[in-house]
1. What do you reckon, is residue 520 at pLDDT 95 or above and either exposed (fewer than 13 other Cβ atoms within 10 Å of the Cβ) or in contact with a helix residue (DSSP H, G or I) (Cβ under 8 Å, 6 or more places away or on another chain) (or both)?
2. Please find, among 291, 299, 201, the residue that is closer than 30 Å to residue 615 by Cα, surrounded by fewer than 18 Cβ atoms within 10 Å (Cβ to Cβ) and not assigned by TED's automatic domain parsing to the domain that holds residue 610.
3. Does the range 149-180 hold any residues that are closer than 26 Å to residue 403 by Cβ, more than 21 Å from the chain's Cα centre (by Cα) and either loosely packed, with under 13 Cβ neighbours inside 10 Å or not assigned by TED's automatic domain parsing to the domain that holds residue 266 (or both), and which are they?
4. Within the range 186-245, which strands (runs of 3 or more DSSP E) (wholly inside it) include 3 or more residues that are in contact (Cβ under 8 Å) with a residue 40 or more places away in the chain?
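The values are calculated or read from the model by the stated rules, or taken from the named source; none is laboratory data. For clarity, every value in this text was computed on a predicted model and none was experimentally measured. All Cβ positions, glycine included, derive from the backbone under ideal geometry; neighbour counts span all protein chains shown.
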């Protein structure tokens, strides 16, 4: 092979790797194929070519390269595993099973292959494919084809897992783009949360940032549910609250190390190394209402971070149909493609101007779109983008100097929001360069504040069957609903007050409805009995609803006997429950359906909101107040395994009776 050929191969390989890193998978695949055509073919190139065509959704070419790799090494476990993955992704599950079985025959102890095979054999997809190939004697085949296997009860074998010893991170920073690169990012007071599964008893977890100890705390034992076979395994949970504000901003090595009774440490089980970015806090305009945004803590050597956070007052929010955080003074709109793209965007652009009549809208457009854009009376200003198509790379490109110049040009605009109107193009890559703290676009890579996912496909060819102009308008309507959901109270006039009298209430009673229940037991506020006593001290009657009789003994017996406190622990007809809510003077409840119904009926509702989900998502929209707490682990979405909180669910338990009573009294006095 000549020197020139070697140089050409090296150049092609370099360009292929760049295209791969940029997500241009088909371009990368074709460049790798050119390397192979120059006599540089080998097992690795065949595999990576298959990977690139698979990522680019050209499955026919991907299969050709994977099978070529198999011809080169028919007993290579990695090749067989990749073939199993490929056939699973492409919906050919029986073939996937065949190759996973071959991996297991070669390397029976390889956990990845074992787990893939177990998951596949327990899947409904494999079962359905076998039924298609070997149909049974089902009398009603049409009905059988409509049955959802996912909804059928599962066997114990299907539900239970063979867990392995491992260190699992469930919260290790948000994946964000920063000036130090893209990666797991923490800001200010933040949380690192996860669990370890181990057969060896664990004691303490230490966390180091570039070698400096930043956390040391006991690991808590939690239930390891659905373990199939190893009774020695235990689950140890942690939730480390750490104040990262004292560290200079930048990239760090983060090391987790758990101590066990043996005194040793195995990588991936007792210890784990990660890369993390410590970045500056995000502006208060967009985070002041976030339950995850803990305010800066004062230096206090006598109190831990946990103690300081738990000592903060709860936050009180006013319900609103508006959930967008912050103002929209300056908005950037990207339409960096061709004239036709701008034409079909006209209805969406006019609607944008309608919902943002006073905002400064700046169009970031291609030269092909500029002339039309000037005629629309939508844009306050236009900025022309040099974002040309590159035939060889099959993508739009901007040299580094051009990107730097664009960033500098856009910085003075101080955009509040940037919207990418492209449904399928690469202009979403420009969104971070606008400097906008909030970004909006269709889901196609990148890190956006709101990703819109929309599909409208024909049943025969899978073709798109929605007008492009309609598709683009979806993104503007999403913003409009973000700004105002349009929801309004719906009061009933057909409910008679006589419906409340069978429950120990008179038609002229002024009573406060305390609803202590919730579908998720761990987010039930524990202080309703004490709150009931406070309300009774005001001379108000209390209707106390509970899941069972367990709260009755915690309440003043004289009030129960006199009827000043009505206790209900039963399921009511909806009409009666609706009437009891609708005629109450005020309502206090957890994040549950009754809270939403009370607000819908216009009742003054005090909602006690846990931070597992943001109040802007699940808080009531109309009346009363929402009380919540700021904790660094907010947004955990815990459901079936609440023990993974590892902090005792402080986001609900630490809301004080004084705080709730104060807000309730203000509503009653209003």
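1. Answer is no for this residue.
2. From the options 291, 299, 201, the qualifying one is 299.
3. 179
4. 189-198, 202-209, 234-243
Quick grid of which residues meet (1) closer than 24 Å to residue 176 by Cβ; (2) modelled with pLDDT of 90 or more:
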{"position": "371", "(1), (2)": "no, yes"}
{"position": "393", "(1), (2)": "no, no"}
{"position": "399", "(1), (2)": "no, no"}
{"position": "403", "(1), (2)": "yes, no"}
{"position": "420", "(1), (2)": "yes, yes"}
{"position": "427", "(1), (2)": "yes, no"}
{"position": "442", "(1), (2)": "yes, no"}
